[in-house]
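Chemist: Shown below is the structure under consideration.
The values are calculated or read from the model by the stated rules, or taken from the named source; none is laboratory data. Owing to the predicted nature of the structure, the values given are computational and were not obtained by experimental measurement. Positions of Cβ are generated from backbone atoms using ideal geometry, with glycine treated the same way; all protein chains shown enter the neighbour counts. For the accessible areas, the whole protein counts, side chains as well, though only heavy atoms, and no ligand, DNA or RNA atoms are used. Shrake-Rupley method; radii C 1.70, N 1.55, O 1.52, S 1.80 Å.
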Amino acid sequence: MLLEAFGSILQLLYLAMLVLAAVALVFAVTAREDAYRAADKQKKSFWLIILGITVFVNLVIPILFLQIAGVIASIVFMVDVRPAIKAVSGGGGRRGGSSSDGPYGPYNGGR
């Protein structure tokens, strides 16, 4: 019984690694090539190859060492490369202003 629970936890972990790699690959595919150069990151083709290999390894060759290396690559892409590309290409969320801005302009606290 304990081994079955451990096996199902491992399968959920493998699924989470696959989903992370697939989402990172989709973000890498949809970003523009010039945004990678403007953000001073590796080329788009580099990230497509690395993340593509990661998805392939997670789907076809479940070797834990390679999966961990792929998770590290996916995390680096999602935490470092994607925000830099997003900031360069103009998709940074809020466009200027401060945290006290409302939908119709700044909120001055009734002054």
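Chemist: Name the residue, out of 73, 24, 87, that is more than 24 Å from residue 11 (Cβ to Cβ), in a helix (DSSP H, G or I) and in contact (Cβ under 8 Å) with a residue 12 or more places away in the chain.
Modeler: On the way: 73 fails: more than 24 Å from residue 11 (Cβ to Cβ); 24 fails: more than 24 Å from residue 11 (Cβ to Cβ).
That would be 87, the only listed residue that is more than 24 Å from residue 11 (Cβ to Cβ), in a helix (DSSP H, G or I) and in contact (Cβ under 8 Å) with a residue 12 or more places away in the chain.
Chemist: Could you list, ordered by first residue, the pairs with Cβ atoms under 9 Å in which the first is in region 37-55 and over 14 Å from residue 18 (Cα atoms) and the second is of a type in the set (S, T, N, Q) and open to solvent by 60 Å² or more (accessible area, probe 1.4 Å), at least 6 apart or interchain?
Modeler: The qualifying pairs do not exist here.
Chemist: In region 1-21, which residues are of a type outside the set (Ser, Thr, Tyr), in a helix (DSSP H, G or I) and open to solvent by 60 Å² or more (accessible area, probe 1.4 Å)?
Modeler: Once the filter is applied, which keeps residues that are of a type outside the set (Ser, Thr, Tyr), in a helix (DSSP H, G or I) and open to solvent by 60 Å² or more (accessible area, probe 1.4 Å), region 1-21 yields 2, 3, 4, 6, 9, 11, 12, 13, 15, 19.
Chemist: Now a separate question. Among the residues of region 27-36, write down those that are surrounded by 14 or more Cβ atoms within 10 Å (Cβ to Cβ) and assigned to a helix (DSSP H, G or I).
Modeler: Of everything in region 27-36, those that are surrounded by 14 or more Cβ atoms within 10 Å (Cβ to Cβ) and assigned to a helix (DSSP H, G or I) turn out to be 27, 28, 35, 36.
Chemist: Still on this structure, I have one more. Can you report the number of residues in region 37-70 which are open to solvent by 80 Å² or more (accessible area, probe 1.4 Å) and assigned to a helix (DSSP H, G or I)?
Modeler: 9
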